[in-house]
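Here's the structure we're looking at; comments come further down.
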Amino acid sequence: MMGEGLAAFLPNLAMAFGTYVVGTSSPGPANMAIMRNALSHGRAGGLATAFGVISGSLIWGIACAVGLGAALARMPQLLNALGVVGGCYLIFLGWKALKTAMAGRPAELGAASDAAGKTGPGHRNLYLYGLGLHLTNPKAMLVWMSIIAIGLPAGADDLLLPVVIVAGCATLGVIIFCTYALVFSAPAMMRGYLRATVPINLVIAVLFAVAGAGLVLNSVKPVLASLTG
């Protein structure tokens, strides 16, 4: 299939890219984290979180493209442990959002942005925040496995194809996640956030907590089933 070139795989690539767009555009922990940090720390903070998420997604994509994802999928104990860690991390993020809600409304718009580098956790920490969020989410790996499977039909031996899939999805991820950061860091959005800091962070706290608890429960369920079986 090397001789046929990438043109023969355009339908598979289109399906793979479409799957990635749907998965990354849909509301989820990564998008919520970017949205919250863009609202509370401004454009630079939102973009730092977005690039952390993008880096985590790229790492999973490369791992699945070279076959590490399939190897991990054959080790359910490791995936379950990763799910527990990721779920606990989401619950921790929910607790941080709850603390922000309990702190009340900032006094002015400047308090909601660390653009000047004087407030907030710092761009490096926000990048690591997004990176950790994505790397501890086993669902991200499973999504990448499905994308690679869709983009690589049975019998495909074009070595360039996995590179095109990962690079294309990474480009789409930059567009989608950075759009979230830019949209929610707009002044009008930040003013709205200042007026509704408490309810917004309460909702985010609940969503993170529910997502984290669900991930933990789904990860420990097989272990409990084997013990009770």
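Numbers for the structure displayed
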| quantity | calculated |
| --- | --- |
| Overall form of segment 23-83 per C-alpha gyration tensor (a/c, 1.5; a/b vs b/c) | prolate |
| Karplus (6.51, -1.76, 1.60) ³J(HN,Hα), θ = phi - 60°, over segment 209-219, in Hz, Gly and Pro reported as x | 5, 5, 4, x, 5, x, 5, 5, 4, 5, 7 |
| Of all accessible heavy-atom area on segment 41-84, the percent that carbon and sulfur account for (1.4 Å) | 74 percent |
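The values are calculated or read from the model by the stated rules, or taken from the named source; none is laboratory data. Remember, it's a predicted structure, so these values are computed and weren't measured experimentally. Accessible surface areas use protein heavy atoms only, side chains included; no ligands, DNA or RNA. Shrake-Rupley method; radii C 1.70, N 1.55, O 1.52, S 1.80 Å.
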